[in-house]
Amino acid sequence: MTTTFTGATVYLPGEHVETTVTIDDGRIAEIGGPVTGTVIDARGLVLAPALVDVHGDAFERQLMPRPGVFFPLEAAVIDTDRQLASNGIATAYHAITLGWEPGLRDVTRGRDLMRCMTALAPRLLVENRVQLRWETFAFEALDIITEALSGPLLPSIAFNDHTSMTMRAYDVPIQDRGFELSPDFSIAALDDERMKARTASKAHRAGLSQDDYVALLGRVWERRAEVPAMIARVAEMGQAKGAPMLSHDDTTSETRAWFRGVGAGVAEFPMVLEAAQAARDAGDAIIFGAPNAARGGSHIGSLAAGDMVEAGLCDALASDYFYPAMLAAIARLDQDRRADRLALWRLVSSGPARAMGLDDRGEIAVGQRADLVLVDWPEGHAPAITGTWVAGRAAFRGQPSGMAHGAAVARQSALA
């Protein structure tokens, strides 16, 4: 079916301009051509590439809306999918933790969630992909990683080591910890009462007593000598399938170099400037959290995403724990004049798409997949999504009460 958008300010790769965009058979067929097929009057709105989210775990609130209260998987996945569509996210990598903890982040729960997403795919509005957020001490996840890599949509693999982060010495802030696989890594004592305080929230999430959680942590920590070989094994599996791979929460250039050496060419949420600069110097993609940018800084005292955007050390913003944060981050960065609006929009569209090797989306260009959003963005106000298209299919349409009967014409769209 042919559809033409008319009257919108269109975000093209190198300019924003009022023009027509025609889509056909799921692709962008023409820009600036005649009006054909179904017409969508988008006067007063922005037509932009749809958002690509490379790391989002807000779905966990649908899975477990209250501590220890689990919701049916299908209902949780469907609701999450609808949230994505209404937030303009056409491609989402769900950061599904494959960990050694029981409860919410147990490997079997992650497996069940992935299988549920695959089974529900024909009923879902957007493209729901998976980031295998693998805790490197969770050797029990190997079979599930193998299964996911053979699935219908290629996942990404993120190497997470929250185990070593938890085991760091008590006087070392998380941003100051060394390379986790180094023999010089400073380690905390498990029998110190401070370990219970450090792990209290994790124990609660896992449904364990503090004593039982610390005991489990101790048993898992005994695997440490085998972790590098296991990482190398998983990395080989990912490389064989062509999966994008990411390191997570890097704090040293050594960390970034090590993971680059096993094929992880993306730095996700580097915590210190040294790690971010090392990634840039090597040509690695760099991802920061959109909530960090939207709030004006990191809630745990790490690098401020806005500063990194302005310094040219950020290629993509991910929703992290809040889907609306991607659009809110663009609005905040635009308000703060961190970069021009087209450059900012690339942080949530072509930037993440390229980081994941998805060359068919992220830009409004002839031949690209028709993943598009209509954005209501009045001068001086927050932007809002009024429509999301995925491969040319309307995944979400919303008509605000004040925009009925052509009232959109009177609204002023802010331009960069």
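The values are calculated or read from the model by the stated rules, or taken from the named source; none is laboratory data. In this text, all values refer to a predicted model and were calculated from it rather than measured experimentally. Cβ coordinates were reconstructed from backbone atoms using ideal geometry, including for glycine residues, and neighbour counts include every protein chain displayed.
Name the pairs whose Cβ atoms lie under 7 Å apart, with the first residue in region 360-372 and modelled with pLDDT of 95 or more, the second charged (D, E, K, R) and not in a loop (DSSP other than H, G, I, E, B), and 6 or more positions between them or separate chains?
Asp360/Arg369; Arg361/Arg369; Gly362/Arg354; Val366/Glu30; Gly367/Arg27; Gln368/Arg27; Arg369/Arg27; Ala370/Arg27
Would you pick out the residues in region 215-247 that are surrounded by fewer than 14 Cβ atoms within 10 Å (Cβ to Cβ), of a type in the set (A, V, I, L, M, F, W, C) and closer than 20 Å to Gly265 by Cβ?
Matches in region 215-247: Ala232, Ala240.
Being at pLDDT below 95, out of contact with any Lys or Arg (no Cβ under 7 Å at 6 or more places or on another chain) and assigned by TED's automatic domain parsing to the domain that holds Ile96: is that true of Gly301 here?
On the way: at pLDDT below 95: yes; out of contact with any Lys or Arg (no Cβ under 7 Å at 6 or more places or on another chain): yes; assigned by TED's automatic domain parsing to the domain that holds Ile96: yes.
Judged against the criteria, Gly301 is a match.
Pairs, please: C-beta under 9 Å, at least 6 apart or cross-chain, first residue charged (D, E, K, R) and in region 25-37, second surrounded by 13 or more Cβ atoms within 10 Å (Cβ to Cβ) and assigned to a strand (DSSP E or B)?
Going by the 9 Å Cβ cut-off, the qualifying pairs are Arg27/Arg369; Glu30/Thr4; Glu30/Val21; Glu30/Thr22; Glu30/Ile23; Glu30/Asp24.
Just checking, how many residues over region 133-144 are within 22 Å of Ser319 (Cβ to Cβ) and in contact (Cβ under 8 Å) with a residue 40 or more places away in the chain?
Residues flagged as within 22 Å of Ser319 (Cβ to Cβ) and in contact (Cβ under 8 Å) with a residue 40 or more places away in the chain within region 133-144 amount to 2.
Can you name the helices (runs of 4 or more DSSP H) wholly within region 87-178 that have at least 3 residues being within 19 Å of Glu226 (Cα to Cα) and modelled with pLDDT of 95 or more?
Numbers: elements: 107-120, 142-149, 162-167.
Passing ranges, in order: 142-149, 162-167.
Residues Ala90, Ala58, Ala75, Ala85: which one is over 24 Å from Leu347 (Cα atoms), assigned by TED's automatic domain parsing to the domain that holds Ala158 and either within 26 Å of the chain's Cα centre (by Cα) or surrounded by fewer than 22 Cβ atoms within 10 Å (Cβ to Cβ) (or both)?
Sole residue among the options that is over 24 Å from Leu347 (Cα atoms), assigned by TED's automatic domain parsing to the domain that holds Ala158 and either within 26 Å of the chain's Cα centre (by Cα) or surrounded by fewer than 22 Cβ atoms within 10 Å (Cβ to Cβ) (or both): Ala75.
Taking into account only those residues within region 297-313 that are surrounded by 14 or more Cβ atoms within 10 Å (Cβ to Cβ) and of a type in the set (A, V, I, L, M), which is nearest to the chain's Cα centre (by Cα)?
Initial filter on region 297-313 (surrounded by 14 or more Cβ atoms within 10 Å (Cβ to Cβ)): 297-298, 302-311, 313.
From what's left, of a type in the set (A, V, I, L, M): 303-305, 308-309, 311, 313.
Numbers: Leu303: 17, Ala304: 17, Ala305: 14, Met308: 17, Val309: 16, Ala311: 21, Leu313: 17 Å.
Applying the filter and picking the extreme gives Ala305.
Just to confirm my filter: which strands (runs of 3 or more DSSP E) fall fully inside region 223-323 and include at least 1 residues that are of a type outside the set (A, V, I, L, M, F, W, C)? I'd like the intermediate steps shown before the answer.
Details: elements: 245-248, 266-268, 285-289, 316-318.
In region 223-323, the matching strands (runs of 3 or more DSSP E) lie at 245-248, 266-268, 285-289.
Among the residues of region 203-222, write down those that are modelled with pLDDT under 95, assigned to a helix (DSSP H, G or I) and either of a type in the set (D, E, K, R) or on the phi > 0 side of the Ramachandran plot (or both).
Arg205
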